[in-house]
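Down below is the structure, laid out as structure tokens.
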Amino acid sequence: MSQKERVNDKLRLHSATIYEIVSREGSSELSRRYSALAWSGLAAGFCISFSMLAEAYIKMFMPDKVYAPLIENMGYTFGFIIVIMARLQLFTENTITVMLPVFENPAWRNINKTLKLWAVVFASNLVGTFIVALLMTKFSFATPAHLESIIEVSHHAIHRDLWDVFVQGIPAGFLIATLVWMLPSAESNEFLVIFLMTYLIAIGDFTHVVAGSAEAFVLFLSNDISLAGAFGYIGAAGLGNIIGGTGLFALLAYAQVKDEI
């Protein structure tokens, strides 16, 4: 390998290059058929539910020690690792990817396509998490001990003031958008990047709308909260995630490169 090749190999991706990669991915998503997005979003809803399940299963076997939450919260990363590495459609990823093309060309046609994509992906994500919650609570896919642990984990996540849910959703949305921005530079370290960013969401008690919807639906189907309570949580977390992902990170990402693209 020549000296020039070695230098090029060590150079980090420029911000404008990362922007272009993420923006092209967003443009590609906007051109996909809605049926394909829906099936991918449904699969993502199934898979993200493993964040709740893995955390609950680990909790079952953890001693009651002060450090236990640090280990239990590692389970929260499982669903995100599956969804992101499998390239499934997760709503919060789309708060940055499909927004970058809109910032470049804010025509009504692009805004309309983005809103429709958000609606399809978000709805299919929620259908997926609801089905998993239904299987866990009503169809004996979880043993009584497992279900008790799932409900306990869900209590911790859901039972909080809606303002707190909204506020804690902002850093979660920001971190997911940051994760998407980091992946083009991650190369063979994708797993580690996803793990670290989503683990930070878990230990920070930040709220993620899709992962949290699985917990909200479990509590609803267990007659612990009302349907209005479940969707109140989903609405507050979703709004916070959008502000953190689109209102903060995506705008900042665009602002730093708008004169270079």
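Quick notes on this structure:
- Lone unmet requirement of (1) touching a helix residue (DSSP H, G or I) at 6+ places or on another chain (Cβ under 6 Å); (2) free of Cβ contacts under 8 Å to residues at least 40 places away in the same chain for Gly247: (1)
- Test: residue in the range 107-127 that is within 23 Å of Leu175 (Cα to Cα), in contact with a Ser or Thr (Cβ under 7 Å, 6 or more places away or on another chain) and of a type outside the set (Val, Ile, Thr): yes
- Of the residues making up the range 104-117, just one is within 18 Å of the chain's Cα centre (by Cα), touching a residue at least 24 places away in the same chain (Cβ under 8 Å) and over 13 Å from Ser35 (Cα atoms), namely Thr114.
- Evaluation of Leu183 against (1) modelled with pLDDT of 95 or more; (2) in contact with a helix residue (DSSP H, G or I) (Cβ under 7 Å, 6 or more places away or on another chain) (one fails), failing number: (1)
- Selection within the range 93-126: residues that are under 18 Å from Ala236 (Cα atoms) and buried (at least 16 other Cβ atoms within 10 Å of the Cβ). The member of this set that is modelled with the lowest pLDDT is Thr95.
- Test result for Met52, surrounded by fewer than 21 Cβ atoms within 10 Å (Cβ to Cβ) and out of contact with any strand residue (DSSP E or B) (no Cβ under 9 Å at 6 or more places or on another chain): no
- Residues of the range 1-36 that turn out to be in a loop (DSSP other than H, G, I, E, B) and modelled with pLDDT of 90 or more, as a count: 3
- Listed by first and then second residue, the pairs with beta-carbon distance under 6 Å, at least 6 apart or on different chains, first residue in the range 151-162 and within 14 Å of Ala214 (Cβ to Cβ), second of a type in the set (Ser, Thr, Tyr), are Ile151/Ser222; Ile158/Tyr233.
- Among the residues listed as Leu70, Leu90, Leu42, the single one being among the hydrophobic types (A, V, I, L, M, F, W, C) and buried (at least 22 other Cβ atoms within 10 Å of the Cβ): Leu90
- Scanning the range 187-200 turns up no residue that is at pLDDT 95 or above, of a type in the set (A, V, I, L, M, F, W, C) and farther than 14 Å from Thr77 by Cβ.
The values are calculated or read from the model by the stated rules, or taken from the named source; none is laboratory data. The model shown is predicted, which means the values in this text are computed figures rather than measured ones. No Cβ is skipped: glycine too gets one built from the backbone with ideal geometry, and neighbour counts run over all protein chains shown.
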